[in-house]
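Note sheet for the following structure.
The values are calculated or read from the model by the stated rules, or taken from the named source; none is laboratory data. The model shown is predicted, which means the values in this text are computed figures rather than measured ones. Don't worry about glycine lacking a Cβ; one is built from the backbone with ideal geometry, like all the others, and counts go over all protein chains shown.
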Amino acid sequence: MAQYDLIVIGSGPGGYVCAIRAAQLGLKTACVEGRETLGGTCLNVGCIPSKALLHASHQLHEAEHNFAKMGLMAEAPKVDWAKMLAYKDDVIGQNTKGIEFLFKKNKVDWIKGWASIPEAGKVKVGDEVHEAKAIVIASGSESAPVPGAEVEVDEEVVVTSTGALELGRIPGSMVVIGGGVIGLELGSVYTRLGTDVTVVEYLDGIVPGQDAEVAKQFQKILKKQGIKFVTGAAVSKVERAGDGATVHYAMRKDGAEKSLDADVVLVATGRRPYTEGLGLDLKTSQRGQIEVDDRYATSVSGVHAIGDVIEGPMLAHKAEDEGMAVAEMLAGQKPHVNYDVIPGVIYTHPEVASVGLTEELAKEKGHKIKVGQFSFMGNGRAKANFAADGFVKMIADAETDRILGCHVIGPMAGDLIHEVCVAMEFGAAAEDLARTCHAHPTYSEAMREAALACGDGAIHA
């Protein structure tokens, strides 16, 4: 029996960051992981492999559509699917090995196996029981089933994101159930590779929770790229049919029953907390999330929880922040996570990024607002790079000028959003950002122009 100051259950972004930070602060730390590799869903079958395929397929799109415009007359590349998957796997390997190295460097013990908590202060892995002054549950999430529908996932024809990242072939057709981040990112990959992709969404529009104007423009751009959309549709059943499957759904507006055939069906209706096998009676919400207080403490003394298993957006960086915070709390520090400044990114092309309040939510909360908007059509760098689709939309308080939120659809949106994150963290006004010099020509000038538009007006509009 080994004794630790802290045992972290799960080595995803929340878990491994928590373990490393705790070790840096002098706590004797172990991390329990049952996979063959560290990194959790994100590094193994989520964020990282999907970004590798997004990058590869975007390069193909550029070669097919924009190279000739720039005078690059070589023949468009052919897709070697096996090699593309090998490239994706290599990227995964580099990252997971990197975490192994960081564990060794920081003296974090990797306890291999699946964990349960027989009682407070003890973690059982296999036949061994380890003692810990504190336990952090960071076991992540799993794909959620389609609500109220008969859908049997086999990860070959009817797949989750895990199966979609390792299909044996590029399918001729694909139905994506769910118009959220995961479905649209993977739908984009396969559309670029030549698959006929249709997204079936229960709501009347895609990406729920996004600024309405951004969501509308986003759907328009994706449609132009070849993705088809069926919105306001409730899926009732997915049937295997020959080598493919049939998706049955009813239109919410009039109840009309319809169906779609496809070689592959991707179930992308969100994720749910994964707490199977923990063996501890913890207080949870109706949605199965572990309830915690402001110190991430659960209903059982000495047991904490972070990341996807607790309330809040299921984002790797949110879990990382929580992992650092709970480690620092356990080490006697007083950290803080600002949940009002957690960005969200969709890694399609163009990217979509947001932080803070949408226009709709700001009004709902009673704010008097002003909105500054700037199109990438007015940005020289974007036009030169065939990336002028989209815009920046900044929301500021009409009385104080304090930035309340920002929403970007356009090139490198996931990187651009962070200057607004920093600005909001320090309580900056739109004018503060507008008066900050931005290098020319860069995409970032669009951020400054949107801030200017919150005042006297953008220069290049």
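Remarks
- Residue tally, condition part of a loop (DSSP other than H, G, I, E, B) and crowded, with 20+ Cβ neighbours inside 10 Å, over segment 155-177: 5
- For segment 124-147, the candidate set comprises residues that are within 20 Å of residue 310 (Cα to Cα) and aliphatic (A, V, I, L, M); within that set, the residue that is modelled with the lowest pLDDT is 144.
- Criterion: out of contact with any helix residue (DSSP H, G or I) (no Cβ under 7 Å at 6 or more places or on another chain), within 28 Å of residue 36 (Cβ to Cβ), touching a residue at least 24 places away in the same chain (Cβ under 8 Å) and not polar (S, T, N, Q) - qualifying residue of 157, 108: 157
- Cross-chain or 6+ apart pairs with Cβ under 7 Å, segment 85-104 first and farther than 13 Å from residue 42 by Cα, then modelled with pLDDT of 95 or more and surrounded by fewer than 18 Cβ atoms within 10 Å (Cβ to Cβ): 85/166; 103/110
- Scanning segment 371-404 for residues that are in contact with a Ser or Thr (Cβ under 8 Å, 6 or more places away or on another chain) and more than 30 Å from residue 61 (Cβ to Cβ) gives a single hit, 395.
- Close contacts from segment 421-437, counting a first residue that is in a helix (DSSP H, G or I) and a second that is surrounded by fewer than 19 Cβ atoms within 10 Å (Cβ to Cβ) and polar (S, T, N, Q), with Cβ to Cβ under 7 Å and a gap of 6+ residues or different chains, come to 425/338.
- Check on residue 138, hydrophobic (A, V, I, L, M, F, W, C) and within 24 Å of the chain's Cα centre (by Cα): yes
- Residue tally, condition in contact with a Leu (Cβ under 6 Å, 6 or more places away or on another chain) and closer than 17 Å to residue 7 by Cα, over segment 275-299: 1
- Subset of segment 314-361 that is small (Gly, Ala, Ser) and closer than 12 Å to residue 296 by Cα - its residue that is surrounded by the most Cβ atoms within 10 Å (Cβ to Cβ): 319
- Residue in segment 440-449 that is in contact (Cβ under 8 Å) with a residue 60 or more places away in the chain and over 28 Å from residue 181 (Cα atoms) present: yes
- Filter pass, residue 262 being in the same structural domain as residue 196 (by TED's automatic domain parsing) and touching a residue at least 40 places away in the same chain (Cβ under 8 Å): yes
- Residue within segment 374-385 that is outside any helix (DSSP H, G or I) and surrounded by fewer than 19 Cβ atoms within 10 Å (Cβ to Cβ) present: yes
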